[in-house]
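Below: one structure, written as structure tokens.
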Amino acid sequence: MSRLIEFAGAEHRIPADVVAIARHFLADTLAVGAAAHDAPGAAAILAVARAMGQGHDARLIGTAERLPAAAAAFVNAYRIHCLEWDAVHEPAVVHAMSVVTAALGAAIDRRGGCDPKDALAALAVGVEVAAGLGDAATSPLTFFRPATAGAMGAAMAVARIDGAPMLPALGLAYSSLAGTMQAHVEGSLALPFQIANAARAAVLASDLAAAGFPAPADVLDGPFGYFRLFDQGDSGALVAGLGRRWRIAELSVKPYPSGRASHAALAVLAGFAGQDVVGVELACPPLIRRLVGRAMTADMTPSWARLCLPFLAGLMLRDGRIDPRCFTPQQFADPALLAFADRVALMDDGNPDPNALFPQAITLIFGGGRRERIAIPATLGSPAAPLTPAQTAAKLDLARELASPSADPRIFDNPLGYFTDPT
């Protein structure tokens, strides 16, 4: 535990290549948040956040309104995650930027801005802790790890900017953890709510720590610590590589606004859009089937659809892209999409790793009966299969198209400037 706290508060000289990657993921995360200003559930989240209290500490990503820091973190984290378009650390199965960016941005705004180097260092530290917790896990997901691990990483990032004591901030964040995979199973908007709640908790943890509020200390390995209750794992694995690997450089961009587990198949299908593909078979790790191997129905919700590969596969083959504006009752009831969904099969490949997302192999079935099998060793957007500049531009162009006309243009044109200068 002492090694983790020492790392979180230390001065770090982050390598230039890691700084460049951090800036890239910050830009990606802010763009995704701006795109979701009017996504399903966003209005209710905003209304409740406004009722949390009065104040103008921090901006909301994509709109001109300001709220108290904890409330702003709540709204911004929801916006970042609700389209399922936010970056993920695949080995950890943690959306490591989402909670950290929302909470850290609110803390930076509240203090009137900060040096960009300090902001990027805090961001890298927060992601390191969040992804490190997931990396150290050896058990399957039961709690929603992006929220639980995310809150603890975010608390370290916020406490670093606030100058709050690190150990109490971590203990209070741990005491606030919540988030269950039941929301994922049901395709519920409670999933991004859990990310929102984690960001709010991270800000409050730093505030309470600064106020001298007491907190439990042995929150990783204690009898009721993180690696006993939330995930089975080893804190030694968490601290062993701190600051050596910089896990922010291991993140994957999500090219499509859908569950990450759908992206390996979708990236292949994008190359066959408009062709006579009549069926799909995907051999994949058990976690892929668990996350996106769900049935398409005419009455499903947008949240369910984002995690429904049979629907997404048909949409990609028809349109050549995944557009959030297609997540509507009219599209869900489309007879052609429903019929194609019945011809999409996900098959367990026997991978023994409960957290594995790849490798995968997809078989395309064409109208004349021809079959083509394509191995997928890495998912598009991962460090092993990075997006091309054109693919990156296509994602940002769609996000800009979805954003409000009143969104601060710096989100797209100067994201680090936007993040560190609230004026």
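The values are calculated or read from the model by the stated rules, or taken from the named source; none is laboratory data. Since this is a predicted model, take the numbers as computed values, not measurements. Neighbour counts run over all protein chains shown; Cβ positions are idealised from the backbone, glycine included. In case anyone asks, the SASA skips ligands and DNA or RNA and just uses the protein heavy atoms, side chains included. Shrake-Rupley method; radii C 1.70, N 1.55, O 1.52, S 1.80 Å.
Note down the nm distance, to one decimal, between modelled labels 7 Å out along Cα→Cβ at D323 and at S188.
For D323 paired with S188, the spin-label model returns 3.2 nm.
Can you compute 3J(HN,Hα) from phi for each residue in segment 388-398, using the Karplus curve 6.51 cos²θ - 1.76 cosθ + 1.60 with θ = phi - 60°, rounded to whole Hz and x for Gly and Pro?
Along segment 388-398, the couplings run 6, x, 5, 5, 4, 5, 5, 5, 5, 5, 5 Hz.
For segment 358-375 and segment 182-211, write down the distance between their C-alpha centroids in whole Å.
40
Between L364, L67, L229, find the one with the highest GNM mean-square fluctuation for the chain; connect C-alpha pairs within less than 10 Å.
L229
Just add up the charged neighbours of F224: K/R +1, D/E -1, any other residue whose Cβ is under 15 Å from the Cβ of F224. Write down the numbers at each step before the final one.
On the way: positive: R228; negative: D218, D221, D231.
The answer is -2.
Using Cα pairs closer than 8 Å and at least 6 residues apart in sequence, work out the relative contact order for segment 72-112, in percent.
It comes to 44 percent, rounded to a whole number.
Using packing as a proxy for protection, rank 178-186, 384-392 so that the peptide with the highest average count of other Cβ atoms within 10 Å comes first.
178-186, 384-392
Between S175 and R400, what is 0.36 nm times their sequence separation minus the Cα-Cα distance? Round to one decimal in nm.
77.3 nm
What is the chain's relative contact order, in percent, from Cα pairs under 8 angstrom and six or more apart in sequence?
20
Direction-averaged shadow area of the convex hull around the Cα atoms of segment 333-423, nm²? Walk me through the intermediate numbers first.
Working: hull surface 43.5 nm².
With the hull built on Cα positions only, its mean projection is 10.9 nm².
How far is helix 98-110 tilted off the main Cα axis of the chain, in degrees rounded to 10, range 0 to 90?
Approximately 40 degrees, to the nearest ten.
Just report the Cα centroid separation between segment 17-40 and segment 257-295, whole Å.
Answer, in whole Å: 24.
Quantify, in whole percent, the carbon and sulfur part of the accessible surface of segment 96-188 (1.4 Å probe; protein heavy atoms only).
54
What's the angle, to the nearest 10 degrees (0 to 90), between helix 116-135's Cα axis and the longest principal axis of the chain?
60
Compute the length gained on full extension between Q232 and R373: take 0.36 nm times their separation in residues and subtract their Cα-Cα distance, giving the result in nm to one decimal.
47.1 nm
Between segment 324-349 and segment 42-109, how far is it from one alpha carbon centroid to the other, in angstrom?
Spelled out, the Cα-based centre of one part sits 30 Å from the other.
Please state the charge dipole magnitude for segment 162-252, taken about the Cα centre, from unit charges on C-beta atoms (+1 on K and R, -1 on D and E), reported in debye and rounded to the nearest 20.
So the dipole magnitude of segment 162-252 works out to roughly 160 debye.
Place the peptides 334-345, 104-115 in order of packing, highest mean first, counting for every residue the other Cβ atoms within 10 Å and averaging per peptide.
Ranking the peptides 334-345, 104-115 by packing returns 104-115, 334-345.
Measure nothing but the geometry: give the 0 to 90° angle between the long axis through the Cα atoms of 309-319 and the longest principal axis through the Cα atoms of the chain, rounded to 10°.
That helix lies at roughly 70 degrees to the long axis.
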